[in-house]
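Inspection log for the structure reproduced underneath, given as structure tokens.
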Amino acid sequence: MTRPKRLATYLSIVLIALNALSCNTTGINKSVENSASEKIEVSGFYSGSYVMSEMASAHSDLELFADSTFLLLRRVNNDTIWTGILGIWTIRNGNQLQLGAGRDMQLYLKIMQGQLLILNSEGEMIDKEQQFVLKNIPDSSAFDRLFISQAEYFYMADAAIMRFCGDGKTWPVAVGGDNLNAERLFLKENAFNPNEKVFIEALMSITSTENMEGNIKPHIFIHQLMGRSWMTGCVGDE
């Protein structure tokens, strides 16, 4: 099975298992809707597993970054390879968290003390026997975790960036790892089709460095380039 098909299969299995996602591609409001006019602090790392049977289980790790972006990591059964989705999180109705990543997913969770309860596609509670809870783990992080994902890759003036469709944010790419092969792929594709965006699939991680001012700067580290992605653009791109 090719890597793109395998990725699609993983996502399909988890979508069906959770019964909590919809294919809403209209985007989400980035403003925080809180009737109490108080900002709810939810940024941090969350993790949980949902066991459906002895042969079927779903595992999710979620990092909510302070800038309202997120990284959702998923794997099924005993698979050791995580798939990653980056997107935007918002708070709505005071106690609900909405994760949006364009056409890839839209997920609702109820904010509880120290944990997030996954809701269905309408933002309603799921049957108690099928509840999937992600617990906050303060001493853990999704930084430096390996995952497979697809994103637009661009290289110019000795610097590379990646843009994920889910959050639209440009992430700087670290020098090293397999970035050189990604650079070569971009230059080759760009030479033949200079106006066409180049999407890649890679095993990667989000890592961070501290600049001279003491600020933490996250960036993408490409561990293994798997090739050009089947994607040609993001929803909403002109």
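The values are calculated or read from the model by the stated rules, or taken from the named source; none is laboratory data. Everything numeric in this text was worked out from a predicted model, so none of it was measured. Cβ atoms come from the backbone with ideal geometry, glycine included; neighbour counts cover every protein chain shown.
Please determine whether any residue of the range 54-74 is surrounded by fewer than 21 Cβ atoms within 10 Å (Cβ to Cβ), assigned to a strand (DSSP E or B) and over 18 Å from the mean Cα position of the chain (by Cα).
There is at least one residue in the range 54-74 that is surrounded by fewer than 21 Cβ atoms within 10 Å (Cβ to Cβ), assigned to a strand (DSSP E or B) and over 18 Å from the mean Cα position of the chain (by Cα).
Please go through (1) surrounded by fewer than 17 Cβ atoms within 10 Å (Cβ to Cβ); (2) at pLDDT below 95; (3) over 14 Å from ARG228 (Cβ atoms); (4) not small (Gly, Ala, Ser) for LEU180 and return the number of the only condition it doesn't satisfy.
Evaluating LEU180 over (1) surrounded by fewer than 17 Cβ atoms within 10 Å (Cβ to Cβ); (2) at pLDDT below 95; (3) over 14 Å from ARG228 (Cβ atoms); (4) not small (Gly, Ala, Ser) leaves (2) as the failure.
List every residue pair whose Cβ atoms sit under 7 Å apart, with the two residues 6 or more apart in sequence or on different chains, where the first one lies in the range 191-207 and is farther than 30 Å from PHE45 by Cβ and the second, anywhere, is among the basic types (Lys, Arg).
Filtered contacts from the range 191-207: VAL198/ARG228.
Out of the residues in the range 156-168 that are surrounded by fewer than 22 Cβ atoms within 10 Å (Cβ to Cβ) and under 12 Å from the mean Cα position of the chain (by Cα), which is modelled with the highest pLDDT?
By that ranking, first place goes to ARG163.
Among the strands (runs of 3 or more DSSP E) confined wholly to the range 86-197, which include 3 or more residues that are farther than 25 Å from ASP237 by Cα and touching a strand residue (DSSP E or B) at 6+ places or on another chain (Cβ under 6 Å)? Write out each step before concluding.
On the way: elements: 96-100, 106-112, 115-118, 133-136, 147-156, 159-163, 170-172.
Hits in the range 86-197: 106-112, 115-118, 133-136.
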